[in-house]
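One structure is given below, encoded as structure tokens.
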Amino acid sequence: MVTPLEIPRELLAQAVDQSHEGITIADASQKDWPLIYVNAGFERLTGYPAAELLGKSVRLLQGTDTEQPEINVLREAMSQGKNCLVTLRNYRKDGSMFWNELSLSPVRNDAGILTHYIGIQHDVTARIMPDQRLRQTSLHTQPVHPEPQVGISGHFDEQLDRMLSTAQRTHSQLSVLVVNLDQFKHFNERYGRAAGDTCLRMVGERIARSFARTTDRVARHDGDAFFIVAMGESPEGLQQHVSKLRDQVRALNIPYSDSPDGVITICVGGVTLIPQHNITAKDLIKKADAALEEAKRRGHDCELLI
Ligand SMILES: Cc1cc2nc3c(=O)[nH]c(=O)nc-3n(C[C@H](O)[C@H](O)[C@H](O)COP(=O)(O)O)c2cc1C
């Protein structure tokens, strides 16, 4: 068997360079532990070319999200020259968030003096947010789900008109709901547009899955709002359905450190009624919007159905 010392240095260097994981080396003899090496896996993971990272501290990947308890664990381990393993939120060059499982190991010289630290970074987003990739994929491949679009599409207007006249003709219950992500504008500013788009896709997909009967319609509207139209659901059933949807969105566990729950939440406003003949689609949307405004006045993560 070949011992590590017998393996050609070039082969070892190649193994490190071509590893799928991110591998980084920081100089422990200099202030602020600047990076002296990053492999191609780390460039791929973070979207930063090596030239933009070398000579700097890797803390730049934390962006403004620096109040994570794991960062204290890192600081403590590094000040004592110890190993550590943490999972923390990091941000790529394009602003999108990923969960980074970071393993840090000290390197000492023959005199036992700490000279370097080696970091191995592994993207564990799919493990922490298992549904994220699945949801993104199905949103792109199933046109029945709400595609990002600004304003209510003409298509959706027509569907609402059709459902309204069916409900008027058959004296059926019709519900129009507006769903809004709590403090989404601030989320976008804090985590970047790419993270915001991912978050919207995940929430949109969750809504579409929740209201997936043939008599339900979901559409994206106005950036961070979604419309739902549902036919034939009793007011009590709808109330439960909407509460469950709020729980499901919370359970997506989209991290948002400024939210009181630490995750993305939604507010829902809506109107549910057996529509008279003089009521129009515009009236229903107005009522749902007013209910949403009132729900938001009451706080975050809540609903108001009238
Ligand atoms: C080799 C090495 C790799 C590191 N990799 C990461 C990383 O991928 N993500 C991260 O958030 N912090 C990483 N860190 C930790 C930060 O560079 C920094 O040490 C940490 O934020 C705590 O120090 P601070 O209080 O100066 O920010 C790494 C540190 C070292 C030494």
For this session: Please specify each residue of region 35-55 satisfying the condition of being within 9 Å of the ligand (Cβ to nearest atom) and not in a strand (DSSP E or B).
Result: Phe42, Leu45, Thr46
For this session: Provide a single number: the residues in region 3-31 that are surrounded by fewer than 11 Cβ atoms within 10 Å (Cβ to Cβ) and of a type in the set (Asp, Glu).
Result: 2
Exercise. Where residues in region 70-128 are touching a residue at least 40 places away in the same chain (Cβ under 8 Å), under 24 Å from Phe187 (Cβ atoms) and of a type in the set (A, V, I, L, M, F, W, C), which of them is surrounded by the fewest Cβ atoms within 10 Å (Cβ to Cβ)?
Worked result: Ile128
Exercise. Under the condition of being basic (Lys, Arg) and modelled with pLDDT of 85 or more, which residue from region 184-208 is farthest from Lys93 (Cα to Cα)?
Worked result: Arg206
Exercise. Just checking, how many residues over region 253-275 are more than 17 Å from Asp65 (Cβ to Cβ) and β-branched (Val, Ile, Thr)?
Worked result: 6
Problem set entry | Check on Val203, touching a His at 6+ places or on another chain (Cβ under 9 Å), in contact (Cβ under 8 Å) with a residue 60 or more places away in the chain and either buried (at least 21 other Cβ atoms within 10 Å of the Cβ) or of a type outside the set (Asp, Glu) (or both) | no
Problem set entry | Candidate set from region 58-69 (those that are surrounded by fewer than 15 Cβ atoms within 10 Å (Cβ to Cβ) and not in a loop (DSSP other than H, G, I, E, B)); member that is nearest to the ligand (Cβ to nearest atom) | Arg59
For this session: For region 257-264, state whether one or more residues are at pLDDT below 85 and under 19 Å from Ala126 (Cβ atoms).
Result: no
For this session: Can you confirm whether region 2-14 contains a residue that is of a type outside the set (A, V, I, L, M, F, W, C) and under 27 Å from the mean Cα position of the chain (by Cα)?
Result: no
Exercise. Taking region 32-50 on its own, how many of its residues are surrounded by fewer than 14 Cβ atoms within 10 Å (Cβ to Cβ) and within 25 Å of the chain's Cα centre (by Cα)?
Worked result: 2
Seminar exercise, completed: Of the listed residues (Thr265, Thr215, Thr198), the one being surrounded by fewer than 17 Cβ atoms within 10 Å (Cβ to Cβ) and touching a helix residue (DSSP H, G or I) at 6+ places or on another chain (Cβ under 9 Å) is Thr215
Seminar exercise, completed: The residue from Thr280, Thr215 that alone is at pLDDT 90 or above, assigned by TED's automatic domain parsing to the domain that holds Leu181, more than 28 Å from the chain's Cα centre (by Cα) and among the hydroxyl-bearing types (Ser, Thr, Tyr) is Thr280
Exercise. Is there a residue in region 12-29 that is near the ligand (Cβ under 9 Å from one of its atoms), part of a strand (DSSP E or B) and modelled with pLDDT under 90?
Worked result: no
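The values are calculated or read from the model by the stated rules, or taken from the named source; none is laboratory data. Just so it is clear, the structure is predicted and the values come from calculations on it, not from any experiment. So basically every Cβ, Gly included, is an ideal-geometry build from the backbone, and we count neighbours across all protein chains shown.
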